[in-house]
Every structure is written in C-alpha cells, then in structure tokens.
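First comes the structure, then the notes that go with it.
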Amino acid sequence: MSEKFDFTKIKDRNKDGNFSEEAEGNIIEEARRMEMKVEKFVAEKDKEISKKEIRENEEELVSINEVSGIQKRSEKLFLREGVLNKIKIIKEELKVIGLGIKIFDAWRSPGEQNRIWEEQVRKIKNKELLLNDEEIKKIAARFVAPPEMAPHCTGGSLDLTIYNLATGEELDMGTAYDDFKKESYTDHPSVSEIVKNNRRRLKNIMKKQGFTNFPTEWWHFSYGNTEWAAIKGESYAIYGNIDLHI
C-alpha cells in the first residue's frame, strides 16, 4: 500500500494539534519539486544511455540458483558473473545484521523484453485513441524500456529488496515492487521515516559495490550496462544485450 504524505515531522500545528493547510501544502510542494527534478534527470540520462559506447567484456550469464540463501521470485533468474559476485558480497554483509536479499527480476531475453514492450504499447494505444505512434511510445517508455536500450537484457540489472531473515518478511519500502506511482521514487519525501531508512539501506549497500539506482524505482539497480554508465558518468559500458536459450 502506498504511503501517504508524511506530515509527522512538520511542527506547524494549530491549537487542536492538527497540521495547518500551509504545512501540508509545503510538503506537497517539496514532493512536486523532487518529482520534477527526478524526471528531468531521467530524461537527460535516457538520451545518454542511447549514445553510450559498449565494450563488451564477454562475461557469461550465470544462474542465481548457484548462490544459497537468496529469496527468488523465479528459479530462472540469471545475471552476469561479475554482477552475481557482487550480490554474494552484499548477501554476506546483510546476513551479519540479520537481513537477506530477495530478487524479483534479473536478466530478460531480448525476445521477452520485446514482448513486454509491445504489450505496453498496445495497452496505451487502446486507451489513448487520439495519440500518434511516437506519442504512444513516449508514454510506454515511462513504464517499460524499449528493447534496444533495456538494461535487464544485458544481465547487469536486477530488481530486489531486503527481508528479515528471522521472520522472512520484506522490509517496508512504502510501495510494492513494480508499482510505478510517484511514491516509488527512491528519495520521495512523502514516505515515512521507516521507509526512507529502509530504502536508504538498500541503496547504500548496493552503491558500495558499484551499483547505480534508477531514481524512479527504489528496487532497480544496475552495473556495467549503458544505464549504469550514464548515471555513474562512465565513458563506456561493459555489458550489452545478451541472449541465452533456456
């Protein structure tokens, strides 16, 4: 369930102990400014992603099943070998503090990505009858990456969260995985302090191993591909699209 705006830290209360309209308006305005900043950043990086050079290092895709102690949404999840090695390190660091990794999605075949893309385009076309093809694709790209620039097709991107090893419960991240409302923006100010801390923990431990976070999706991280290179400021990527017949 989505978090509502977090007014608990605003001190501008009226005599009844409630927040004033001005205080509520301030935090909503803060959220809007943050959303605009993120969306501008994403638009700029999308342009860079399509232009980044790829110097493929030929690392193989390896199964996540090779690593024990990771929760998985599917038994058919693959990552580049170097990426999985980093995930192993993160898993051990979290284990020390009683936490574990749950992976929702990882490598996708270019064929599967194309299927998802075409399905998204069809949905929008059926709903927005007055839009032309270019406009429809722009909207579709907010939710699904076009196959030619999809980070998941490289084996360098994954979607994940953190869970409590003792209870098996996921940490509260404020919104569900793959929920594309604005509250899913990693640093959105409207979520609770608990959610902010949980997202920060995930982001920091991934960043420590060189991953970048896509700022509109708290769950999405990349290493080595053109998305990673654009966000991190690297001159080239080391992972391009790769296929595997399974």
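The values are calculated or read from the model by the stated rules, or taken from the named source; none is laboratory data. Because the structure is a prediction, the values reported are computed rather than measured. Cβ sites come from the backbone with ideal geometry, for glycine too, and all protein chains shown count toward neighbours.
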With respect to K123, is the statement that it is of a type outside the set (A, V, I, L, M, F, W, C) and within 30 Å of D172 (Cβ to Cβ) true? yes
Do the conditions hold for N225, that is, is it crowded, with 17+ Cβ neighbours inside 10 Å and closer than 18 Å to R80 by Cβ? yes
Hey, P215 within 18 Å of I49 (Cβ to Cβ), at pLDDT below 95 and not charged (D, E, K, R) or not: no
In a strand (DSSP E or B) and hydrophobic (A, V, I, L, M, F, W, C): does that describe F221? yes
So which residues in the range 35-72 are closer than 30 Å to A166 by Cα, among the β-branched types (V, I, T) and part of a helix (DSSP H, G or I)? I64
Looking at the range 147-188 only, could you name the residues that are at pLDDT 95 or above, part of a loop (DSSP other than H, G, I, E, B), buried (at least 21 other Cβ atoms within 10 Å of the Cβ) and small (G, A, S)? G155, G156, G174
